[in-house]
Amino acid sequence: MYYRWWLHENNTLGELLNELRGSESLRNASKRIGISHTYLDTIEKGFNRRSGKHVNPTPETLKLLSKAYN
């Protein structure tokens, strides 16, 4: 899946994470990753529903995500 993502340059981080998560639920994936399911949902959507602002995950969160989907 990772290679296929690089073929589509316009994909966002959220789209990649959603594709990697596949049929796994947000709650299960977030427990495995170590972040809340609401934060994972926000990252996948790319914006905060309450504020409407773009989401920029911290380096620590990106490290957790990369370990979970390695």
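Annotations
- Matching residues in segment 14-33 - criterion: being part of a helix (DSSP H, G or I) and open to solvent by 30 Å² or more (accessible area, probe 1.4 Å): Glu15, Asn18, Glu19, Leu20, Arg21, Leu26, Arg27, Asn28, Lys31, Arg32
- Only one of the numbered conditions (1) of a type outside the set (Gly, Ala, Ser); (2) within 12 Å of the chain's Cα centre (by Cα); (3) modelled with pLDDT under 95 is not met by Trp5, and that is (2).
- Within segment 34-54, residues that are in a helix (DSSP H, G or I) and surrounded by 12 or more Cβ atoms within 10 Å (Cβ to Cβ) reach partners that are modelled with pLDDT under 95 and among the small types (Gly, Ala, Ser) with beta carbons closer than 9 Å, at six or more positions or on different chains, in the pairs Thr42/Gly14; Ile43/Gly14; Glu44/Gly14; Lys45/Gly14.
- For segment 56-65, the tally of residues that are over 12 Å from Gly34 (Cβ atoms) and open to solvent by 70 Å² or more (accessible area, probe 1.4 Å) stands at 3.
- Being aliphatic (A, V, I, L, M), assigned to a helix (DSSP H, G or I) and touching a residue at least 24 places away in the same chain (Cβ under 8 Å) is a description that applies to Leu64.
The values are calculated or read from the model by the stated rules, or taken from the named source; none is laboratory data. Quick caveat, the model's predicted, so the values are computed rather than measured. FYI the Cβ positions are ideal-geometry reconstructions off the backbone, even for glycines, and counts take in every protein chain you see. The area values use the complete protein model at the heavy-atom level, side chains included, leaving out ligands, DNA and RNA. Shrake-Rupley method; radii C 1.70, N 1.55, O 1.52, S 1.80 Å.
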